1. Round to the nearest 10 and give me the degree value, 0 to 90, for the angle of helix B:411-426's Cα axis relative to the longest principal axis of chain B.
2. Quick check on chain B: helices-only [θ] at 222 nm, where DSSP H runs of length 4 and up contribute -39,500 (n - 2.57) each and the sum goes over total residues. Nearest 500, please.
3. Would you kindly give the portion of the calculated P(r) for the protein assembly as shown that falls above 48 Å, as a percent of all Cα pairs?
4. Could you work out, residue by residue across A:77-83, how many beta carbons of other chains sit within 10 Å of that residue's beta carbon, and then give the average as an integer?
5. Let me test this: with uniform point scatterers at the alpha carbons of the range B:46-113, what is the Debye-based log₁₀ I(q)/I(0) at q = 0.19 1/Å?
6. Going by the alpha-carbon gyration tensor, a ≥ b ≥ c the square roots of its eigenvalues, is the range A:1-118 rounded (a/c under 1.5) or, if a/c is not under 1.5, prolate (a/b greater than b/c) versus oblate?
7. Long-range amide H contacts for B:E115: which residues qualify at under 5 Å (H placed 1.01 Å from N, peptide plane, sequence gap of 5 or more or a different chain)?
8. Cα-based Rg (one decimal) and Dmax (whole number) for the range B:347-457, in Å?
Amino acid sequence: MKTKHKKIDYAKWGYFFILPFFVSFFIFSFIPLIDTIRYSFFEYYRSGIKEVGPNFIGIENYISLLGSDMLKYAANTLILWIIGFIPQIVIALVLAEWFVDARLKIHGTQFFKVVIYLPNLIMASAFAMLFFTMFSTNGPVNEILMSIGLIKEPFDFLGSVFGTRSLVGFMNFLMWFGNSTIMLMAAIMGISPDVFEASELDGCNSIQRFFYITLPQIRPILAYTLITAIIGGLQMFDVPQILTNGQGTPDRTSMTLIMFLNSHLKSRNYGMAGALSVYLFIVSGILCFFVYRMTNNDDPDGSKAAAKKAKKQRRR
Amino acid sequence: MKKRIISILLVAVITASSLAGCGKSSSSDAEGGEEGKVINVYSWNDEFRKRVEAVYPKVKETSKDGTVTTLNDGTEIHWIINPNQDGVYQQKLDEALMKQADASADDKVDIFLSETDYVNKYTDADADVAMPLTSLGINPDTDMAEQYEFTKVTASDVNGVQRGSTWQCCPGLLVYRRDIAMDVFGTDDPEAIGQKVKDWDTLKATAEELKAKGYYTFSSYADTFRLYGNSIEASWVSPGETTVKVDQKIMDWVKDSKEWLDAGYLDKSVKGQWNDDWNKAMGSSAKVFAFLFPAWGIDFTLKPNWDGENGVWGVTNPPQEYNWGGSYIHACTGTDNPEHVKDIILALTADKKNLLKLSKDYAEFTNTRSGMQEAAGDASYSSEFLGGQNSFQYFAPVAENIQIAPLSAYDQGCVELIQNSFSDYFQGAVDFDKAKANFETAIIERYPDITAIQWPE
């Protein structure tokens, strides 16, 4: 008798079931990715309906991008992101702390969790359209401000750098703070209640507890939130695009990197757009590397420094 | 990259749906001979379909969802509609045109439409995507003798070969509020108002009068752009060159707009067109005296935004003759239905009876010189919205005198970007030189083959 059924190999079924993902990833993500990188070395665009290229031009696209306003747009993106991110993380931290604090006994936590997450469910473009109308010079916000006597003349929100940038920041804040809150709540709930109890017995007040216990304990998650937010911020596009009609007005101060990329795609300039994408890819890649390192350490609080410290202590 | 995938998917869907359509059209009579069974029409809305249904005699019926129109001989017209916004229509059309040579007979584009802003891109002689009318067997000189000359020039390539034709003609007028005219000038008679706005200098004096009473002459600096922009002497980019030449007329527009805005003749809070503030400026509570609109503007833009009674708006002559818009019908190179296409183009753009019907039903100013003269003298063409005024009376002389600016394939971007760049300057966000620099940056971004920008003086 042959021992045909002696060893049953289930592994192939595993591969079989994850195959669809790999196939679709390969077709819809990997090939376009390689294509993008390939085209970034070519002069390839459309003039009218006549196609120019693809002609191989080496790294000329990369050089001319460095000579363009790319860095200015990168700075714009960063500023817009910071304006939104700082209130986002602060409010999220405070809310998360309150929601999980058993002694505060906030009623309807579940309800508020849903409500603060809601703005994220609205399409960014619809959200931007709404703000565009609300904050237009003759819009409702100006009318309210004038009728309660705060300002005499309508304030031109979208005509000023300050107004436009803060609106974009505000919208990003509104859309994302719920998301961060929920993530940070999970992190805080993961802290052992023993630590909190001990601190309470030692006479720790709530501010001390926040700064000396909660914050250090959730540091890895906080870092993760920060870096994913930066990567998300790098790709900021929909809100300023709709709010400024794709122009990054005024004076191109709200033009983000992806909007810049988009204006290249208007002329089907695959070469230049490809080169810009590769730059973005490299930056996101580096950031991802940090996240990966941070989430893959098996030391107690997730940071490198702590890992080294722990090692030293063990050696002693 | 995502866009590419989506477009590939869409193409697949379109192909699949047109193939599915083929199954139905098995019966047909012999009339067409070697004519194809499917006429594919690319357009950005159902405007053209409605016009065809209204006047093309061979239309039998249109499916409920409006995607397929069957003709009497069994040939099907497939309407492939993509919105104009964000250049989606042109993207989809360009994709289809690139595949034209390899497409099977029933998938080939047979007719496509274009607007004045980008008609030049498609009538390009080298690209040769729009067939010369003569190749279809149409002689523009005799068959289309009734058309306004400038519409023929617009649809022609550099060699003067006409490659498209339009049913509409878009001369613009000055549309004004009668109640404001009464208040400021003591009269709302179109002739008297016409005298007050007959040229830029007179209009400026009039603007001062309006300002004294607290009214704006126009809503936004963008309102007057077409009048300057359509009278430029040389095209934005000369054929075969890669330099954008900004015309003196454009700089005049910048200078005058700044002056008018600072003087308070224009509403500072309205920035450009097609936005909420602009729409509100057409409402009864606004303080804006006039708009510059062609026939479609009055019907599609002003009317829906007006919240008062009919008869408050009136039309009179503009300070300068101009044209704004217009949809052109092109026969696509490689079409397998040349006879049908020819038939449709002739019925829609060269048949006086049909065009007059369109004028009556859709309040359009159509492309027939003698027909429009008749309409101007015919009280049945008067408009209820304009208080019984016959606007054709004012449109017709403007149409006769339009000098259309020479076009280039870069017009759409140039027109859009120069207005955007100088918008910051008008509002005081940047100085003049910075606005110029911003235009240069933007235009090179949009058109990679542009190498230099030349300013007048």
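Laboratory data are not the source of any read-out in this text; all were calculated from the coordinates shown. Every value quoted in this text rests on a predicted model; they were computed, and no experiment measured them. No Cβ is skipped: glycine too gets one built from the backbone with ideal geometry, and neighbour counts run over all protein chains shown.
1. Approximately 20 degrees, to the nearest ten.
2. Details: 19 runs with 188 residues, N = 457.
Calculated from helices alone, the mean residue ellipticity at 222 nm is -12000 deg cm²/dmol.
3. Of the Cα pairs, 32 percent sit more than 48 Å apart.
4. For this peptide, the per-residue mean of nearby foreign Cβ atoms is 0.
5. Result of the Debye calculation: -0.86.
6. Oblate.
7. Answer set, sorted by chain and number: B:Y328.
8. Rg and Dmax of the range B:347-457, Cα atoms, are 21.0, 54 Å.
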